[in-house]
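Scroll down for the structure; my scribbles are underneath it.
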Protein chains: 4
Amino acid sequence: MTENNVYAAPTVIQDIEVINTYELEDRAREVMPKGGFGYISGGAGDEYTLRQNTKAWDAKGILPRVLADVEFPDTSTKIFEHDIKVPFIMAPIAAHGLAHETKEAGTAKGVSEFGTIMSISAYSGAKFEEIEAGLNGSPRWFQIYMSKDEDFNKNIIDEAKADGATAIILTADATLSGNRETDVRNKFVYPFGMPIVSRYLTGSGENMSLNNIYAQSKQKIAPEDVKFLKEYSGLPVFVKGIQSPDDALLAIGAGADGVWVSNHGGRQLDGAPGSFETLEMISKAVAGRVPIVFDSGVRRGEHIFKALASGADIIALGRPVLYGLALGGWKGVRSVLEYFENDLKRVMQLAGTQTIEDVKNTTLFDNHN
Amino acid sequence: MTENNVYAAPTVIQDIEVINTYELEDRAREVMPKGGFGYISGGAGDEYTLRQNTKAWDAKGILPRVLADVEFPDTSTKIFEHDIKVPFIMAPIAAHGLAHETKEAGTAKGVSEFGTIMSISAYSGAKFEEIEAGLNGSPRWFQIYMSKDEDFNKNIIDEAKADGATAIILTADATLSGNRETDVRNKFVYPFGMPIVSRYLTGSGENMSLNNIYAQSKQKIAPEDVKFLKEYSGLPVFVKGIQSPDDALLAIGAGADGVWVSNHGGRQLDGAPGSFETLEMISKAVAGRVPIVFDSGVRRGEHIFKALASGADIIALGRPVLYGLALGGWKGVRSVLEYFENDLKRVMQLAGTQTIEDVKNTTLFDNHN
Amino acid sequence: MTENNVYAAPTVIQDIEVINTYELEDRAREVMPKGGFGYISGGAGDEYTLRQNTKAWDAKGILPRVLADVEFPDTSTKIFEHDIKVPFIMAPIAAHGLAHETKEAGTAKGVSEFGTIMSISAYSGAKFEEIEAGLNGSPRWFQIYMSKDEDFNKNIIDEAKADGATAIILTADATLSGNRETDVRNKFVYPFGMPIVSRYLTGSGENMSLNNIYAQSKQKIAPEDVKFLKEYSGLPVFVKGIQSPDDALLAIGAGADGVWVSNHGGRQLDGAPGSFETLEMISKAVAGRVPIVFDSGVRRGEHIFKALASGADIIALGRPVLYGLALGGWKGVRSVLEYFENDLKRVMQLAGTQTIEDVKNTTLFDNHN
Amino acid sequence: MTENNVYAAPTVIQDIEVINTYELEDRAREVMPKGGFGYISGGAGDEYTLRQNTKAWDAKGILPRVLADVEFPDTSTKIFEHDIKVPFIMAPIAAHGLAHETKEAGTAKGVSEFGTIMSISAYSGAKFEEIEAGLNGSPRWFQIYMSKDEDFNKNIIDEAKADGATAIILTADATLSGNRETDVRNKFVYPFGMPIVSRYLTGSGENMSLNNIYAQSKQKIAPEDVKFLKEYSGLPVFVKGIQSPDDALLAIGAGADGVWVSNHGGRQLDGAPGSFETLEMISKAVAGRVPIVFDSGVRRGEHIFKALASGADIIALGRPVLYGLALGGWKGVRSVLEYFENDLKRVMQLAGTQTIEDVKNTTLFDNHN
């Protein structure tokens, strides 16, 4: 709970107008309880890294290309067995119930109706079966925060597989909570339980702080954990939170099927570079051996374009989608995803690129800021 | 229309005092309807590129030269068959009627009275004969947005030639509308028709959004279009919207007689560099084979100087002239052009340059900002 | 005295909540008399160097490391004969009585209860025996401002040794007062005496300006002084205020046992770089021959991490601790030191470092700001 | 006149407290008529160059030196036949009467009482004999704006020599007025005559704009003019307004005895770099053959230090001295000069430099801003 005994999440379900996603944040602030909004929007420490996540885009420019014979750009791409119509998916985020009473089920329905992949967080406030009501059979990946106890981890993977997950995302950058000053100021605790991980918590998750929950999760994440998840699940495994070439190589060496470049939206180690600043060097180290998913700071179609041109294969969207959820439930989620699709198409046309492959072959310009 | 049924464009005709052209923007904001002002002044997306268009000038400094034996600098130059008294001309801009009830005819008269070249936009709100009333025989170039239908394009070129155009400007960077958030917020639609292109529109242009109009124009611009325009018109053809050396080379390869460096005033692809940031590299690629026209961000005589010293042959002025139109009709246009002439002369004197050739041979200083 | 005849220093003793140490400064401003707060918080001249001391951290980033198999990082380290649980100590600062009525004794008790090394300033407002009441036998170093008279210097060293000092810190960067405009505006004079150095002052220190006190101290600091202090005291000697490789080499050449990188918190020579900007080049010059202490601008655990990774062995904390003293007496001091310990542990975990040695072996990332 | 028929210049004569010279500008704004203050404080165009004049200092840092065995630094130096106690002099500025009713005589008395060299501007509002009343025999240099007519120039030089000038300063960067927008807004004209140059003006200077006065002066400044001044006067000649190595070499080639690096306080060619940014490259080109005087942007002792360390031999102070004149007449002038002397001494001590020669041999640090 934050301040009141009852956490009053938004309930409206409606299409929303998205002029840009920065404005969505301002609008979401008005409809969400303060503690929940602070948790979702805030970063760590000075929020240097949070700011850098969006500022970093300006370091690279897209040169317009004007004689490229392009019309109706094609945004479709493929990741593992999934053909998707856009190169972006839903990122794993905890506790969607802070944004809307329909919790993860609302997000799932918006993602499914739009037509891309859902990532389900281990810190979901909804159960798998509740989320499935929204997903309705469409593809999903499962993100895990590991327990200190291997049996619990096996349990959770069993359940995620039974639910139909086609990949496992190991979040490795959050073995304890970043220095989230806003949550401290708001005395923020989760207002509801976390049914997926509650089996290994003392408590359900309800009224627990993030620090407390992380402390009960596994701290000592190592390449062995990647091997375990891969072997036990038989599914492709991503390591999420990669910000250095060395960690990318460690992950691949341990058998990871994908590298997930992310700084957790600037919520973990402040003073780290903007996530986009690390993408190119990681991509060079990965050298095409496994796909790269990128998140942290994507707010516009141009950002998706720049990330793809810098080595990402898939972009994961987080906060903007949750703001859409807050403002319009599953319809708001769909509106946000449609905004990104339209904006990406426009940018692709103006940059003279017909396909995602063209985008990936584009050389960006070093802006002089 | 924007908000009212009647778009109340300014009507005053008077000489105006120009202290600087940034102030003109503020003054124009006060006299123009909000939707029209937003359309003319706004940029795309975050307006990063719009801001960069003016900020980029600060990256290069002009070193004063003080023993150069200069007096009464000579600003005259030549482009194709035209001897002009200054190295700047009017840029093509759509819908001057947003700024003044005299529409393009007002601008044309100001340009003609001052004594330089007018560019007529295909999205003009006035007909060729109305504009000729202002131009009164003085030189003009015609800017085309192509139709998807070749016959319409031939029609339009025929008409432009009959009107006396001495060059064709192919705007290639606007095959669809940039992400102009201000227009979306203002629900901006053109309050009047576009007689030159209405032949290929469903509708006259009146009450149509920019997105709608662009969608009915040709998206697939390619080197073939340059060839077609050149062959059919028999006139010199510029490709406008060049921001990369590669496109400059493509344009020249397709027979273009001039390269027009522009990012459409920051209104198309946001996240692109400032137009001036791209000039030097394009100029090196062009290597003097064809003349270079430069626009986007020119607000002072120093900017004209810096663009010439970086490879431009002719500078095209857009928004500041329309603000002059809004504030004083054709006399306001003339006042703005006189301001630029006087300011350029002052800068040339203080930089120790007697002629435009001297300016072009000047080496700029890399400012440390 | 500042404005009143009686300087009303804070008196409250309590644990304080530390969300971050920048906020402590704001809170301390509210409880401290203006003159005393201005003296402690202010810098020299334009305060360029003061600002740069904190801004400089952003030039280097810490790359999160996520597969490093780390849990419960160990912050302990060793300096000379002292095993300390954290790599930071209390910096020497004059006149703690400006922050709290318990003066240096309050700070000493907080430092001792927390468990690290206290630096006692020659400009202390408390006597050695009063400070010992707080220190209660725990380790301390003594910082000296030299007298022009060698006998006084011998006296002071004798007394410091009798008090149990295990090292001498020669502050060499303050042979006269920096240009502290805030103190001039506040007409700031010390509201109480300085018992340790009053033997060589005309006056006790009370009602004397910093300029006056410095003027009565020794200006001509040279390598000979290092030799003298080392020989006479028989203790390890640090030279404090080193900002150039040349001075580091001079100090080592004169027998210094440690180099103390500091720009006096931006209070002496304005226009100097941020202290952190000088650390790496000095560390390279020192090349491990003697330990390096670093101060000026440390406000977060990340800063401690970055300084260690750039060549520092020990970090000294100044202003934040005095703000803790102002807000909570010795308990406030302890709260601040605990904050730094916790924050450093969190950063070490997220950066994948188990020990201080690991931190020192970390390569920082060049941020693109 | 500006707004009223009578220009009410300040009249107070008093010592003033100088905390820093930026504050003097704010205080002068309050006591001076708006037009006069705008003329003295304003720059050209966007005031980019004006701002850069002070911002540029931050690009270079002074590394404190702390074991240099320095005490009571010696600021004395020599230029031509003059031994002066400080390395700074009064810069030539027009129309001191805008700041104080005692006009140039007030400044002269303050400069003389302090003990350095006065520069007398050809656009002085006082006659030579009136200025001599303040100078009282102390040294002076004469700055000339040349007439188009050689006879007038000879006249003026004769008069300056008769007055005792020991050098001629040819201001070469102001053959017409920079784009001073503040003066245009204020409709500023000089409220009184210019007795030294009125012989070649149509009018006395009173109620004339700067543009008008410059237009009646010589535009075509060339190396021949340097030769003429040197031969006719028999005095050392400085060329003032040098901002490029090429002009420095032209000046020396024409026989100049000194190079005066200046951008006219940012009042002439906007978009030029900050004056300090050009100093080092000019100094390298001059290579010690003639002395270098530096002005534009000097507001602190650190700035004097940095200019000397970058190749200047003498610093000229302008606006801050006139603000002192406005606030305290000749006593205010003296207060400002004393401030600079004291501040320079402090900086020299903290930087470990005993003499001006030591300062000139200092290597500055490239700040990372």
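The values are calculated or read from the model by the stated rules, or taken from the named source; none is laboratory data. Here the structure is a predicted model, which is why all the values come from computation and not from measurement. All Cβ positions, even for glycine, are placed from backbone atoms using ideal geometry, and neighbour counts span all protein chains on display. SASA here: full protein model, heavy atoms, side chains in, ligands and nucleic acids out. Shrake-Rupley method; radii C 1.70, N 1.55, O 1.52, S 1.80 Å.
Report those strands (runs of 3 or more DSSP E) wholly inside segment D:39-147 carrying at least 2 residues which are within 14 Å of chain C (Cβ to nearest Cβ).
Strands (runs of 3 or more DSSP E) meeting the threshold: none at all.
Residue-wise test of (1) more than 15 Å from D:Gly297 (Cβ to Cβ); (2) open to solvent by 20 Å² or more (accessible area, probe 1.4 Å).
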position	(1), (2)
D:Pro10	yes, no
D:Ile13	yes, yes
D:Gly43	no, no
D:Pro73	yes, no
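Kindly indicate whether B:Gly329 is touching a residue at least 60 places away in the same chain (Cβ under 8 Å) and open to solvent by less than 10 Å² (accessible area, probe 1.4 Å).
yes
Would you be able to say whether some residue in segment C:309-324 is touching a strand residue (DSSP E or B) at 6+ places or on another chain (Cβ under 6 Å), open to solvent by less than 10 Å² (accessible area, probe 1.4 Å) and within 14 Å of another protein chain (Cβ to nearest Cβ)?
no
Please give the number of the condition D:Ile282 fails out of (1) at the interface with chain B (Cβ under 8 Å from one of its Cβ atoms); (2) open to solvent by less than 10 Å² (accessible area, probe 1.4 Å); (3) among the hydrophobic types (A, V, I, L, M, F, W, C).
It is condition (1) that D:Ile282 fails.
Out of everything in segment B:30-39 that is over 20 Å from the mean Cα position of the chain (by Cα) and more than 14 Å from B:Glu101 (Cα to Cα), what residue ends up being surrounded by the fewest Cβ atoms within 10 Å (Cβ to Cβ)?
B:Glu30
Being assigned to a loop (DSSP other than H, G, I, E, B), more than 13 Å from chain B (Cβ to nearest Cβ) and among the small types (Gly, Ala, Ser) is the requirement here; does D:Ser204 meet it?
Taking the combined requirement at face value, the residue satisfies it.
Select from segment D:44-78 the residues that are more than 22 Å from D:Asn263 (Cα to Cα) and either within 19 Å of the chain's Cα centre (by Cα) or aliphatic (A, V, I, L, M) (or both) and list them in ascending order.
Across segment D:44-78, the qualifying residues are D:Ile62, D:Leu63, D:Val66, D:Leu67, D:Ala68, D:Val70, D:Thr77, D:Lys78.
Which members of segment B:149-175 meet the condition of being surrounded by fewer than 18 Cβ atoms within 10 Å (Cβ to Cβ), in contact with a helix residue (DSSP H, G or I) (Cβ under 6 Å, 6 or more places away or on another chain) and not charged (D, E, K, R)?
Selection gives B:Phe152 alone.
Farther than 21 Å from D:Gly36 by Cβ and either touching a residue at least 24 places away in the same chain (Cβ under 8 Å) or in contact with an Asp or Glu (Cβ under 7 Å, 6 or more places away or on another chain) (or both) - does that describe any residue in segment D:192-207?
There is at least one residue in segment D:192-207 that is farther than 21 Å from D:Gly36 by Cβ and either touching a residue at least 24 places away in the same chain (Cβ under 8 Å) or in contact with an Asp or Glu (Cβ under 7 Å, 6 or more places away or on another chain) (or both).
Taking the condition of being without any contact (Cβ under 8 Å) to a residue 40 or more places away in the chain and either more than 16 Å from A:Val293 (Cα to Cα) or of a type in the set (A, V, I, L, M) (or both), how many residues in segment A:122-142 meet it?
Selection size over segment A:122-142: 9.
Kindly provide the set of residues from segment B:329-369 that are over 16 Å from B:Thr77 (Cα atoms) and in contact with a strand residue (DSSP E or B) (Cβ under 8 Å, 6 or more places away or on another chain), ordered by number.
Hits for segment B:329-369 are B:Val336, B:Leu364, B:Phe365, B:Asp366, B:Asn367.
When the residues of segment B:149-189 are narrowed to those that are of a type in the set (Lys, Arg) and out of contact with any Ser or Thr (no Cβ under 7 Å at 6 or more places or on another chain), which ends up farthest from the other protein chains (Cβ to nearest Cβ)?
Among those residues, the one meeting the criterion is B:Lys154.
Please go through segment B:231-241 and pick out each residue that is at negative phi and touching a residue at least 60 places away in the same chain (Cβ under 8 Å).
Matches in segment B:231-241: B:Tyr232, B:Ser233, B:Leu235, B:Pro236, B:Val237, B:Phe238, B:Val239, B:Lys240.
So that you can scan it fast, the table gives a plain yes or no per residue for (1) within 11 Å of chain D (Cβ to nearest Cβ); (2) open to solvent by less than 10 Å² (accessible area, probe 1.4 Å); (3) in contact with a strand residue (DSSP E or B) (Cβ under 9 Å, 6 or more places away or on another chain):
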position: C:Ser209; (1), (2), (3): no, no, no
position: C:Tyr214; (1), (2), (3): yes, yes, no
position: C:Lys220; (1), (2), (3): yes, no, no
position: C:Leu235; (1), (2), (3): no, no, yes
position: C:Leu250; (1), (2), (3): yes, no, yes
position: C:Ala256; (1), (2), (3): yes, yes, yes
position: C:Asp270; (1), (2), (3): yes, yes, no
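Residues of segment A:85-120 being touching a strand residue (DSSP E or B) at 6+ places or on another chain (Cβ under 9 Å), among the hydroxyl-bearing types (Ser, Thr, Tyr) and touching a residue at least 60 places away in the same chain (Cβ under 8 Å), which ones?
Selection gives A:Thr107, A:Thr116, A:Ser119.
Could you please let me know if C:Lys78 is more than 28 Å from C:Gln14 (Cα to Cα) and open to solvent by 40 Å² or more (accessible area, probe 1.4 Å)?
Yes.
Of the residues D:Leu350, D:Leu364, which is open to solvent by less than 20 Å² (accessible area, probe 1.4 Å), within 14 Å of chain C (Cβ to nearest Cβ) and over 26 Å from D:Met32 (Cβ atoms)?
Going through D:Leu350, D:Leu364 in turn, just one is open to solvent by less than 20 Å² (accessible area, probe 1.4 Å), within 14 Å of chain C (Cβ to nearest Cβ) and over 26 Å from D:Met32 (Cβ atoms): D:Leu350.
Restricting attention to segment C:286-304, report how many residues are more than 14 Å from chain A (Cβ to nearest Cβ), surrounded by 18 or more Cβ atoms within 10 Å (Cβ to Cβ) and not hydroxyl-bearing (Ser, Thr, Tyr).
7
Look at C:Glu357 and say whether it is under 30 Å from C:Leu135 (Cα atoms), open to solvent by 20 Å² or more (accessible area, probe 1.4 Å) and part of a helix (DSSP H, G or I).
Yes, satisfied.
Kindly establish whether B:Val290 is touching a Gly at 6+ places or on another chain (Cβ under 9 Å), of a type in the set (Val, Ile, Thr) and closer than 24 Å to B:Glu81 by Cβ.
When the stated conditions are applied, B:Val290 passes them.
So which of C:Asn136, C:Asn186 ends up being modelled with pLDDT of 95 or more, polar (S, T, N, Q) and open to solvent by 40 Å² or more (accessible area, probe 1.4 Å)?
From the options C:Asn136, C:Asn186, the qualifying one is C:Asn136.
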